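A.B. asks: Got a structure for you, questions after.
The values are calculated or read from the model by the stated rules, or taken from the named source; none is laboratory data. For clarity, every value in this text was computed on a predicted model and none was experimentally measured. Methodologically, a virtual Cβ is constructed for each residue, glycine included, from the backbone with ideal geometry; neighbour enumeration extends over all protein chains shown.
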Amino acid sequence: MGPGFDTIRFSLRVSSHFLLSPSFVFESGSEVLIQYQVLISVRVFFLSSEFLKLSQHSLPSWFSDHGVELKNEEDGRVFPVRDNSSSVVDCLLNEARQRGVKLQTGKSVTSAFTSAGGKFTLKIEKRTIDYVEFIEADYLLIASGSNQQGYNLANQLGHSIIKPVPSLFTFKIDDKPLTELSGITFPKVKASLKLEPLQTNIPELTQVGPMLVTHWGLSGPVVLRLSAWGARDLFSSEYKGTLLVDFSPDVHSEDLKSLLSQHKKKKKIPKQKVVGSYPPELGLVKRFWKYLLNREGIDEDILWASISNNALMSVAALLKQCSFIVKGKGQFKDEFVTAGGVPLSEISLKTMESRIKPRLFFAGEVLNVDGVTGGFNFQFLYMGLLIISQKVYLSFSI
């Protein structure tokens with residue numbers, strides 16, 4: 001039989017962006033990268049063969065068995081079918097209660113150190129009153145996400161910390177006519193991020209996927225991926241750069257020009273205003289078509305019969321490469337994902353155990369690992385926890 005745990009003390013930090021997170025951005029150079037297919041048709045890079053032993057279907061199956069069905073978006077993201085992150089939180093809390101786990105809230109671990117016998121001593125404080133207690137533990141797991149408190153504890157126990165920088169954020173665009181289109185979505189665009197300090201192109205800074213116009217700029221999966229891959233470069237550039245967007249990534253530029261020219265020649269079209277008529281194959285909403293015309297300085301009242309071919313070619317060029325000046329991050333005060341944390345070189349990825357302190361374990365984003373949008377940060381966390389639980393269980397069984 002394995003160990004019986006009476007009380008598990010931990011801090012539960014729930015974010016409204018619980019499953020807003022098809023690749024991981026890993027600290028390079030510490031381990032050999034192994035390419036593996038995970039969470040259904042999405043390529044993810046894992047750093048340890050231990051991860052490869054875990055079925056790509058095991059996590060979705062577990063949630064399905066516990067009443068939470070997951071769905072797979074076309075671009076590989078995974079979300080609850082109900083699009084409600086609280087269903088995941090409720091599922092985990094219910095499972096914990098059924099297994100007799102006691103949750104202590106309103107307390108925090110403010111310091112940790114090891115005693116002469118190798119045990120961990122944790123200082124616990126209440127947040128509302130003057131209260132302090134010390135507890136001992138044979139094993140210690142830090143799975144605190146991007147919370148500074150977790151970094152402090154890791155540092156107290158001898159680990160270094162790679163300075164965290166925001167990841168998975170939206171782009172602030174100083175373009176009032178654009179932000180007035182807030183709510184418009186584009187099912188598929190190709191977006192490339194250009195940053196001044198970078199002299200060479202980074203393949204990951206070009207992404208394809210859905211995009212959304214917000215009150216302050218641009219968001220959606222394609223922007224969040226760019227923010228993840230370019231997290232440190234964006235930090236260095238003070239979140240300033242240029243975003244180049246192709247609104248018709250599946251249509252060649254010459255075909256796009258031909259599409260506009262043919263539309264002009266259609267019956268009854270010549271007598272219509274350009275602002276009110278455009279090829280439906282473009283898949284654009286009328287407000288955005290008007291935005292494009294205004295950007296090119298084309299009179300809204302001009303008829304298709306009167307618009308010049310040069311003007312049409314300029315619109316086609318804008319559709320294929322529309323530039324937006326990135327002025328900063330979006331309005332999240334505390335990013336729900338960061339790049340940085342405990343270096344991977346300081347832990348064993350076969351067991352998730354510290355190489356510095358025996359029986360000290362890390363899981364999730366407290367490590368220098370961050371995933372892009374679609375649930376992959378949680379996949380990494382859950383698999384790490386499974387590896388740790390197996391390690392601890394076996395140590396008690398010996």
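A.B. asks: Suppose we filter ALA311, ALA316, ALA305 for residues that are at negative phi, among the small types (Gly, Ala, Ser) and touching an Asp or Glu at 6+ places or on another chain (Cβ under 8 Å); which single one remains?
C.D. replies: After applying the criteria, what remains is ALA311.
A.B. asks: Of everything in region 311-334 that's modelled with pLDDT of 95 or more and polar (S, T, N, Q), which residue is surrounded by the most Cβ atoms within 10 Å (Cβ to Cβ)?
C.D. replies: Per the stated criteria, the residue is SER314.
A.B. asks: For LEU292, work out the one condition from (1) closer than 30 Å to LEU303 by Cβ; (2) modelled with pLDDT under 95; (3) part of a helix (DSSP H, G or I) it doesn't fulfil.
C.D. replies: LEU292 satisfies every listed condition except (2).
A.B. asks: Could you list, in sequence order, all residues of region 274-289 that are in a loop (DSSP other than H, G, I, E, B) and on the phi < 0 side of the Ramachandran plot?
C.D. replies: Keep residues of region 274-289 that are in a loop (DSSP other than H, G, I, E, B), which gives 277-279, 283-285.
Listed by number, the residues that qualify are SER277, TYR278, PRO279, LEU284, VAL285.
A.B. asks: A further question follows. Select the helices (runs of 4 or more DSSP H) contained entirely in region 23-130, then report the ones holding at least 1 residues which are modelled with pLDDT of 80 or more, β-branched (Val, Ile, Thr) and surrounded by 15 or more Cβ atoms within 10 Å (Cβ to Cβ). First the steps, then the outcome.
C.D. replies: Numbers: elements: 49-52, 58-65, 86-98.
Fully inside region 23-130 and qualifying: 86-98.
A.B. asks: Can you give me the number of residues within region 152-162 that are within 16 Å of SER345 (Cα to Cα) and in contact with a strand residue (DSSP E or B) (Cβ under 7 Å, 6 or more places away or on another chain)? If you could, list the steps in order and put the result at the bottom.
C.D. replies: Let us first name the residues in region 152-162 that are within 16 Å of SER345 (Cα to Cα), namely 154-155, 157-162.
Narrowing further to those that are in contact with a strand residue (DSSP E or B) (Cβ under 7 Å, 6 or more places away or on another chain): 154, 157, 159, 161-162.
Qualifying residue count, region 152-162: 5.
A.B. asks: Within region 200-213, is even one residue over 27 Å from GLY375 (Cβ atoms), at pLDDT below 95 and out of contact with any helix residue (DSSP H, G or I) (no Cβ under 8 Å at 6 or more places or on another chain)? Before you say what the answer is, go through the steps one by one.
C.D. replies: As a first pass, look at region 200-213 and keep what is over 27 Å from GLY375 (Cβ atoms): 200-201.
Those left that are additionally at pLDDT below 95: 200-201.
Remaining after also requiring out of contact with any helix residue (DSSP H, G or I) (no Cβ under 8 Å at 6 or more places or on another chain): 200-201.
Scanning region 200-213, I find at least one residue that is over 27 Å from GLY375 (Cβ atoms), at pLDDT below 95 and out of contact with any helix residue (DSSP H, G or I) (no Cβ under 8 Å at 6 or more places or on another chain), so the answer is yes.
A.B. asks: Looking at GLU300 and the list (1) surrounded by 13 or more Cβ atoms within 10 Å (Cβ to Cβ); (2) in contact with a Lys or Arg (Cβ under 8 Å, 6 or more places away or on another chain); (3) among the charged types (D, E, K, R), which single condition is not satisfied?
C.D. replies: Failing condition for GLU300: (1).
A.B. asks: Need the failing condition index for SER146 against (1) closer than 19 Å to VAL342 by Cα; (2) assigned to a strand (DSSP E or B); (3) of a type in the set (S, T, N, Q), just the number.
C.D. replies: (2)
A.B. asks: With respect to the numbered conditions (1) assigned to a strand (DSSP E or B); (2) at negative phi; (3) out of contact with any Leu (no Cβ under 6 Å at 6 or more places or on another chain), which one is the sole condition not fulfilled by GLN207?
C.D. replies: For GLN207, the failing item is (3).
A.B. asks: Could you check, for region 335-350, whether at least one of its residues is basic (Lys, Arg), surrounded by fewer than 21 Cβ atoms within 10 Å (Cβ to Cβ) and at pLDDT below 95?
C.D. replies: Pass one, region 335-350, residues basic (Lys, Arg): 350.
Narrowing further to those that are surrounded by fewer than 21 Cβ atoms within 10 Å (Cβ to Cβ): 350.
If we keep only those that are at pLDDT below 95 as well, we get 350.
Yes, region 335-350 contains at least one residue that is basic (Lys, Arg), surrounded by fewer than 21 Cβ atoms within 10 Å (Cβ to Cβ) and at pLDDT below 95.
A.B. asks: For PHE247, work out the one condition from (1) surrounded by 14 or more Cβ atoms within 10 Å (Cβ to Cβ); (2) closer than 27 Å to LEU344 by Cα it doesn't fulfil.
C.D. replies: (2)
A.B. asks: Considering only residues of region 337-353 that are touching a Ser or Thr at 6+ places or on another chain (Cβ under 6 Å) and assigned to a strand (DSSP E or B), which is farthest from LEU157 (Cα to Cα)?
C.D. replies: It comes out as VAL337.
A.B. asks: Go through (1) more than 23 Å from the chain's Cα centre (by Cα); (2) at pLDDT below 95; (3) assigned by TED's automatic domain parsing to the domain that holds GLU73; (4) in a loop (DSSP other than H, G, I, E, B) for GLN390 and report which single condition fails.
C.D. replies: Condition (4) is where GLN390 drops out.
A.B. asks: Output the residues belonging to region 264-280 that are surrounded by 14 or more Cβ atoms within 10 Å (Cβ to Cβ) and under 40 Å from the mean Cα position of the chain (by Cα).
C.D. replies: VAL274, VAL275, SER277, TYR278, PRO279, listed by residue number.
A.B. asks: Only one residue in LEU234, LEU205, LEU212 is more than 16 Å from GLY330 (Cα to Cα) and assigned by TED's automatic domain parsing to the domain that holds LYS190, so which one is that? Quick ask: steps written out before the conclusion?
C.D. replies: Details: LEU234 fails: more than 16 Å from GLY330 (Cα to Cα); LEU212 fails: more than 16 Å from GLY330 (Cα to Cα).
On inspection, the qualifying residue turns out to be LEU205.
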